[in-house]
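These notes concern the structure reproduced below.
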Amino acid sequence: MKSTSVADSTKTASTQFLERVEEQSGQKVRICYQCGKCSAGCPVGYAMDLLPNQVMRLVQLGLKDEVLSCATIWLCASCETCATRCPREIEIVKVMDVLRQKSRREGYPSPAREVPVFVSAFINNLKRFGRLYEAGLVGVYNLLSGHITKDMDKAPAMLLKRKIALMPPRVKGMGKVRKIMKNIEEMRQQ
Amino acid sequence: MKFAFYPGCSLESSAKEYKESTLLAAESLGLELEEIPDWICCGSTPAHMSDELLGIALPAYSLLLAKQMDTDGVLVTCASCYSRLKAANHAILNDGTMKKKVAEALGEEYDGGVPVRHMLELTSDAIAQPGFDEKITRKLSGLKVASYYGCLLVRPPEITGFDDPEDPQSLDRLVAALGAEPVDWRYKVECCGAALAFSQVDIVRKLSGEILQDAKDTEADVVIVACPLCHSNLDLRQRNIEKYLGIDLEVPVLYFTQLLGLAFGYSAAELGLGKHEINPVPVLRKRGINI
């Protein structure tokens, strides 16, 4: 934990949240003027609890709990349509990334919990094999998410067409890869 | 030209036919490919979602391996790998702090300078060269093709720097160069939902279903793609989408390298056309293509 500086303590928690998000994402969230173009073009907007422009507004207002517990940050598919069209040139996906990371690290419950479960399973798979072991990933994800038989209907056809690699990938230098991933975890905690 | 080939994870399993057809097409185009030994996963969307540095350092690791090879750059075939490899170069070139962090994580400095090219970019260069037409040995005329670009091949433009983000043309131009007919449709850059492929399947079914329905409404015979994740959603999941949405689609989805390979005279078996969920052979034959 970083100690709170004198300057920080004079700011409200809301302002601090906005400033942290801006600093970590490298994006000036405060220049968003709520035109709504991001939400108009968002392919997943129909399934979100907050539209992307509403997420930006909540960040501006520093409404941390609302924004870190919404489904939207997990349903965002990182398709980059919003960022491409934003007239203020805000890289919205980078803001979403920071919000997802904060939500996870600060233990907020996720209304779309399958997404963070999948993300963790994916990263652990990488740590183990260096490359994605698809069969292993599907198995672990299904177990952890509770959808045991999901996608299993595709397995027979894929096996028949030799589209599933049954054996995990073998990559030389995994010791180094794991060390790098460990370094990154340690650097994050500093 | 010689390239360090970064196949990416999908090409080793669910998209084997993309790898096979890329290698054949590259050979015909006179591109020499050498696979990067012991490349690792680019981290795709999950890496940048969980940690910015992880999302940059993973691709930087493979780019450093490629740097040791004597080539003209890295060749990728997956839109997600392409995006992540280019994002790593972009961040390292433009953000000094990130460059230092990556060096600390990797224990080695990377300058962000290894060029990253998508197979579609190199193909686009090739069709503009004299002599390209002479390579075409099989006529594809009469085949209506909907070119699907998806997201990360063209977005965000400051990372990929390739084609127009709203109305890209490179695949369409390729289709025309091969003598087939590009169709004008609305969903060429809409998202298939790849990042949510495992975790939010209903969303993926809706997004991918709409893309396929539009291709069908436009009377395209086939859709072509330049990404294994798009292909997996549009083809492998298509029966499931039909059931979920209660619609009939039956839209074959080919990798653009398979279409290229067809024009260059390779057989259906060599190009792995039998590996698709929706068999493209009947419609190809119906259009008088000799396979």
>> Out of the residues in segment B:11-57 meeting the condition of being hydroxyl-bearing (Ser, Thr, Tyr) and modelled with pLDDT of 95 or more, tell me which one is farthest from B:HIS231 (Cα to Cα).
In response: B:SER50
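Just the residues that are of a type in the set (Ser, Thr, Tyr) and free of Cβ contacts under 8 Å to residues at least 60 places away in the same chain, please, taken from segment B:80-100.
Keep residues of segment B:80-100 that are of a type in the set (Ser, Thr, Tyr), which gives B:80, B:82-83, B:97.
Matches in segment B:80-100: B:THR97 only.
Return a yes/no flag: does segment B:168-186 have any residue that is aromatic (Phe, Trp, Tyr), more than 22 Å from B:CYS9 (Cβ to Cβ) and free of Cβ contacts under 8 Å to residues at least 40 places away in the same chain. Spell out how you get there, then give the answer.
At the first step, the residues of segment B:168-186 found to be aromatic (Phe, Trp, Tyr) are B:185.
Then keep just the ones that are more than 22 Å from B:CYS9 (Cβ to Cβ); that gives B:185.
Those still in the list that are free of Cβ contacts under 8 Å to residues at least 40 places away in the same chain too: B:185.
Looking through segment B:168-186, at least one residue is aromatic (Phe, Trp, Tyr), more than 22 Å from B:CYS9 (Cβ to Cβ) and free of Cβ contacts under 8 Å to residues at least 40 places away in the same chain.
Would you mind stating whether B:VAL183 is in contact with a helix residue (DSSP H, G or I) (Cβ under 7 Å, 6 or more places away or on another chain), β-branched (Val, Ile, Thr) and open to solvent by less than 50 Å² (accessible area, probe 1.4 Å)? Let's see the steps before the verdict.
Values: in contact with a helix residue (DSSP H, G or I) (Cβ under 7 Å, 6 or more places away or on another chain): no; β-branched (Val, Ile, Thr): yes; open to solvent by less than 50 Å² (accessible area, probe 1.4 Å): yes.
Against the criterion (in contact with a helix residue (DSSP H, G or I) (Cβ under 7 Å, 6 or more places away or on another chain), β-branched (Val, Ile, Thr) and open to solvent by less than 50 Å² (accessible area, probe 1.4 Å)), B:VAL183 does not qualify.
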> Would you pick out the residues in segment B:1-24 that are touching an Asp or Glu at 6+ places or on another chain (Cβ under 7 Å), over 22 Å from B:ASP133 (Cβ atoms) and more than 14 Å from chain A (Cβ to nearest Cβ)?
Replying inline: B:LYS2, B:PHE3, B:ALA4, B:PHE5
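Please indicate, with yes or no, whether at least one residue in segment B:116-137 is part of a loop (DSSP other than H, G, I, E, B) and hydrophobic (A, V, I, L, M, F, W, C).
Keep residues of segment B:116-137 that are part of a loop (DSSP other than H, G, I, E, B), which gives B:128-131, B:136-137.
Retained after the next criterion (residues that are hydrophobic (A, V, I, L, M, F, W, C)): B:128, B:136.
Yes, segment B:116-137 has at least one match.
Inside segment A:123-135, can you point out the residues that are at the interface with chain B (Cβ under 7 Å from one of its Cβ atoms), assigned to a helix (DSSP H, G or I) and open to solvent by 10 Å² or more (accessible area, probe 1.4 Å)?
Step one: of segment A:123-135, the residues at the interface with chain B (Cβ under 7 Å from one of its Cβ atoms) are A:123, A:126, A:130-132, A:134.
Keeping just the survivors that are assigned to a helix (DSSP H, G or I) gives A:123, A:126, A:134.
Answer for segment A:123-135, where residues must be at the interface with chain B (Cβ under 7 Å from one of its Cβ atoms), assigned to a helix (DSSP H, G or I) and open to solvent by 10 Å² or more (accessible area, probe 1.4 Å): A:ILE123, A:GLU134.
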> Restricting attention to segment A:137-190, and to residues there that are over 22 Å from B:ILE36 (Cβ atoms) and at pLDDT 95 or above, which single residue is most open to solvent (accessible area, probe 1.4 Å)?
Replying inline: A:LYS182
>> Being within 14 Å of another protein chain (Cβ to nearest Cβ) and within 27 Å of A:MET48 (Cα to Cα) is true for just one of B:LEU273, B:LEU207, B:LEU245, B:LEU212. Which residue is that?
In response: B:LEU207
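Could you pull out the residue among A:ALA83, A:ALA112 that is within 25 Å of A:ARG20 (Cβ to Cβ), surrounded by fewer than 22 Cβ atoms within 10 Å (Cβ to Cβ) and at the interface with chain B (Cβ under 9 Å from one of its Cβ atoms)? Lay out the reasoning, then the answer.
On the way: A:ALA83 fails: surrounded by fewer than 22 Cβ atoms within 10 Å (Cβ to Cβ).
It is A:ALA112.
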>> I'd like the full set of residues that are more than 25 Å from A:MET167 (Cβ to Cβ) and away from chain A (no Cβ under 12 Å), limited to segment B:25-54.
In response: B:ALA25, B:ALA26, B:GLU27, B:SER28, B:LEU29, B:GLY30, B:LEU31, B:GLU32
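Would you check if A:GLN54 is assigned to a helix (DSSP H, G or I) and farther than 21 Å from B:ILE203 by Cβ? Break it down stepwise before answering.
On the way: assigned to a helix (DSSP H, G or I): yes; farther than 21 Å from B:ILE203 by Cβ: no.
It is false that A:GLN54 is assigned to a helix (DSSP H, G or I) and farther than 21 Å from B:ILE203 by Cβ.
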> Among the residues of segment B:150-161 satisfying the criterion of being more than 8 Å from every other protein chain (Cβ to nearest Cβ) and open to solvent by 20 Å² or more (accessible area, probe 1.4 Å), which is modelled with the lowest pLDDT?
Replying inline: B:GLY161
> Which number in (1) within 10 Å of another protein chain (Cβ to nearest Cβ); (2) in a helix (DSSP H, G or I); (3) among the small types (Gly, Ala, Ser) marks the one condition that A:SER103 misses?
Replying inline: (1)
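The values are calculated or read from the model by the stated rules, or taken from the named source; none is laboratory data. All values reported here derive from a predicted model rather than from experimental measurement. Heads up, the Cβs are rebuilt from the backbone with ideal geometry, glycines too, and the neighbour counts pull from every protein chain shown. When the accessible area is computed, the model is the full protein with side chains, heavy atoms only, and any ligands, DNA or RNA have been set aside. Shrake-Rupley method; radii C 1.70, N 1.55, O 1.52, S 1.80 Å.
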